[in-house]
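A short worksheet on the structure shown next.
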Amino acid sequence: MSAPIKPRPPDEVMRLARLGAFFPHRLSFMRRFIRRIASERAQLTIPICALDADGFGHIVLTLPLRGPLGGALGGRAYSLIAYSRPLDAAKRTDRVIATQWDASFCLYDGTPNAADITHLADEVTRQEAGRYHHKVLTLSRANKSLRLFEHVVASLAKGKQPDPAPLKSIGYLMRTTAVYGNGKFGIADRARIAARLPDAFEVEMLTVFLIREFTFFLVDYCAAQKSDNAVKLAPDYRRYLGIGNSTGLGMAPFLVNHPRLIHDWIHARETALAKARNAPKATAAQRQRFNTLLTRAKKHSAEWQVEDSIQMARIRTLREELTTLKNDLKKRPLTEKTPFNDAYQRCQNMSLETQEMMVSILLEMDTSAGDATKDDIPDTPEHDSQQILNPAMQVGTLKNILHEHYAWVDDIDFNNKESDAQFWYTSEEKLEPRLGQRYTEPGHELEMPFNIPHYVKKLKQVLAKSDDKTSIAELLITHPDLRYMVRRAQTTAQFPYGEIRDNLVSATCRPIDLLRCKLAFFGASKFDPKSDRWTRIALFQGAPTAADLQSKQNAPDPDDPDDWLFALFPDASINANKEPK
């Protein structure tokens with residue numbers, strides 16, 4: 001009997017190029033959120049609508065959620081307060097320096113009254129510049145995808161559905177430029193709501209879900225104001241449309257600053273993958289599901305168009321390789337024994353995009369592998385707010401840790417200036433992470449501690465001159481500057497998926513790889529890089545709407561509201577949900 005397949009090692013998984021090829025999957029936080037509200041049959045209501053004929057004003061969308069103990073903590077209403085304002089075209093920008101937007105939002109703990117709405121109007125519409133209290137759980141803002149938004153409203157006002165082409169190419173009616181939570185800018189601290197909303201980034205997922213519902217309401221409302229013959233946006237189109245998002249360097253440091261948490265995310269994913277690969281057999285339903293998802297993945301990649309030449313070349317390769325895979329499966333169906341490991345192995349000589357898309361498919365094969373609980377993927381950064389230093393450890397043990405987990409540093413040529421050509425810092429103006437050029441720009445003395453290879457090199461040099469039985473406490477008395485890296489290495493020994501095995505300050509580092517990894521765990525899709533430092537994405541594209549989850553009559557599969565991996569435009573998704581011939 002062969003040995004069980006183990007999770008892929010961190011040295012393989014935690015490389016920037018692979019992290020930058022991740023796709024959303026069943027463990028993604030949006031998928032988990034939809035499963036939760038579907039199980040609760042949460043009823044969306046709109047208790048307040050104060051919009052004028054042009055759709056400007058404010059509106060409140062409310063969704064009740066139970067506590068994590070089946071209601072033992074009581075039901076609780078959470079409300080999105082949306083402020084819609086006129087915006088001069090010259091001021092419409094996705095950049096973080098913007099101070100005005102088409103719409104500004106906050107997630108409110110409970111149902112706001114008129115006084116709450118009036119007070120927050122002057123604060124939320126200023127976002128970072130506003131003043132907040134503990135009832136405000138998140139802040140967000142968004143701009144219309146103006147060309148599509150106006151086309152949809154005009155079409156609905158004429159009593160017809162919008163043209164498919166722009167819906168398909170854009171994929172959202174509004175695009176957020178930030179969703180802030182976890183106490184930022186004086187809003188509620190995470191600890192205040194952790195017992196009620198324990199899942200990872202749950203308030204952020206709830207916020208984006210409600211913003212999506214707001215965009216549907218707004219186009220219907222604006223169309224109805226223009227004509228008595230207006231129709232509502234069709235359910236299939238609503239389901240396909242997500243919320244756009246522009247994300248830049250601000251997200252990247254999270255993966256470096258929270259190694260314990262990132263380890264748990266990646267470990268859960270890799271463990272689920274190993275479980276699927278170890279499955280001794282596949283049922284007929286699982287084989288059908290595999291073929292369906294592979295067909296859907298191929299069509300999804302055909303609909304994925306970007307302007308970035310690097311990513312577009314990868315997408316073309318992905319399309320070709322998925323075609324090759326499907327043709328190969330027609331000739332050689334999956335093996336009877338460990339069929340999903342067979343599927344995995346068939347991709348190993350293909351691109352990282354294809355390999356990681358296959359990972360997402362295989363995670364669907366065993367639903368128990370995907371129904372992660374809080375223990376499988378711990379929730380938010382308080383889980384690893386402290387990396388504990390072990391002063392009793394001996395130098396010899398630390399040397400072994402560096403040999404096991406930081407051997408990749410030995411491949412770096414430290415004599416080449418390109419090895420540390422960049423540095424990470426926090427901008428004084430916006431308090432946002434930025435990248436600077438070490439040898440041509442000032443400020444490197446204020447850099448964030450992301451030059452891990454340099455710290456490892458220095459630590460190794462000191463350890464080489466130290467006795468193996470010397471304690472870490474003794475070592476740090478004479479070398480206190482090594483404390484950060486010693487603690488980080490000790491943390492990595494316990495949580496190995498928490499350390500990225502690449503140089504984050506080299507001239508060739510592409511921060512966008514960090515962004516895509518985290519965004520894939522959120523559940524984002526249609527990655528559309530605009531440089532190697534920021535990307536546009538779609539959130540909740542293809543997900544059930546609030547109406548789907550309440551009635552379950554309009555959903556593509558009423559029995560499985562979770563079946564929306566690799567969203568397809570409606571004219572293709574009808575056939576893709578069936579067994580391909």
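Table for the structure above
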{"quantity": "Subset of the range 121-137 (residues that are in contact with a Lys or Arg (Cβ under 9 Å, 6 or more places away or on another chain) and open to solvent by less than 60 Å² (accessible area, probe 1.4 Å))", "calculated": "E123, V124, T125, Q127, E128, L137"}
{"quantity": "Restricting the range 392-424 to residues that are in a loop (DSSP other than H, G, I, E, B) and more than 16 Å from V462 (Cβ to Cβ), the residue that is least open to solvent (accessible area, probe 1.4 Å)", "calculated": "A421"}
{"quantity": "Long-range neighbours under 7 Å by Cβ, at least six apart or interchain, first residue farther than 20 Å from G20 by Cβ and assigned to a helix (DSSP H, G or I) within the range 315-329, second open to solvent by 30 Å² or more (accessible area, probe 1.4 Å) and of a type in the set (K, R)", "calculated": "T323/K298; L325/R346; K326/K298; D328/R346"}
{"quantity": "P4 vs. criteria over 29 Å from A567 (Cβ atoms) and at pLDDT 95 or above", "calculated": "no"}
{"quantity": "Failed item, numbered, when S471 is tested on (1) buried (at least 19 other Cβ atoms within 10 Å of the Cβ); (2) within 17 Å of A392 (Cβ to Cβ); (3) among the polar types (S, T, N, Q)", "calculated": "(1)"}
{"quantity": "Those residues of the range 177-220 which are open to solvent by less than 40 Å² (accessible area, probe 1.4 Å) and either over 24 Å from the mean Cα position of the chain (by Cα) or without any contact (Cβ under 8 Å) to a residue 40 or more places away in the chain (or both), in sequence order", "calculated": "G183, L218, V219, D220"}
{"quantity": "Complete set of residues in the range 173-214 that are touching a strand residue (DSSP E or B) at 6+ places or on another chain (Cβ under 8 Å) and of a type in the set (D, E)", "calculated": "E204, E213"}
{"quantity": "Residue in the range 472-485 that is closer than 30 Å to P9 by Cα and touching a strand residue (DSSP E or B) at 6+ places or on another chain (Cβ under 9 Å) present", "calculated": "yes"}
{"quantity": "Odd one out for V306 among (1) over 21 Å from K168 (Cα atoms); (2) β-branched (V, I, T); (3) assigned to a loop (DSSP other than H, G, I, E, B)", "calculated": "(1)"}
{"quantity": "Qualifying residue in the range 486-494 (condition: out of contact with any strand residue (DSSP E or B) (no Cβ under 9 Å at 6 or more places or on another chain) and over 22 Å from P9 (Cβ atoms))", "calculated": "yes"}
{"quantity": "Condition check for Q550: touching a residue at least 24 places away in the same chain (Cβ under 8 Å) and either surrounded by fewer than 22 Cβ atoms within 10 Å (Cβ to Cβ) or over 22 Å from Y240 (Cβ atoms) (or both)", "calculated": "yes"}
{"quantity": "Residue within the range 112-131 that is modelled with pLDDT of 95 or more and within 16 Å of F216 (Cα to Cα) present", "calculated": "no"}
{"quantity": "Check on A268, touching a helix residue (DSSP H, G or I) at 6+ places or on another chain (Cβ under 9 Å) and either at pLDDT 95 or above or open to solvent by less than 40 Å² (accessible area, probe 1.4 Å) (or both)", "calculated": "no"}
{"quantity": "Those residues of the range 42-74 which are modelled with pLDDT under 85 and touching a Leu at 6+ places or on another chain (Cβ under 7 Å), in sequence order", "calculated": "A42, G67"}
{"quantity": "Among the candidates S155, S140, residue that is in a strand (DSSP E or B), open to solvent by less than 20 Å² (accessible area, probe 1.4 Å) and hydroxyl-bearing (S, T, Y)", "calculated": "S140"}
{"quantity": "Flag for I477 being β-branched (V, I, T) and open to solvent by 70 Å² or more (accessible area, probe 1.4 Å)", "calculated": "yes"}
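So that you can scan it fast, the table gives a plain yes or no per residue for (1) modelled with pLDDT under 95; (2) hydrophobic (A, V, I, L, M, F, W, C); (3) open to solvent by 80 Å² or more (accessible area, probe 1.4 Å); (4) within 30 Å of L475 (Cα to Cα):
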position	(1), (2), (3), (4)
T426	yes, no, no, no
E429	yes, no, yes, no
E445	yes, no, yes, yes
P449	no, no, no, yes
H454	no, no, yes, yes
L459	no, yes, no, yes
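The values are calculated or read from the model by the stated rules, or taken from the named source; none is laboratory data. Keep in mind it's a predicted model, so treat the numbers as computed, not measured. Because the Cβ atoms are built from the backbone with ideal geometry, glycine has one as well, and the counts that use them run over all protein chains shown. Ligands, DNA and RNA are stripped out before the accessible areas are found, and what is left, the full protein with its side chains, is counted by its heavy atoms. Shrake-Rupley method; radii C 1.70, N 1.55, O 1.52, S 1.80 Å.
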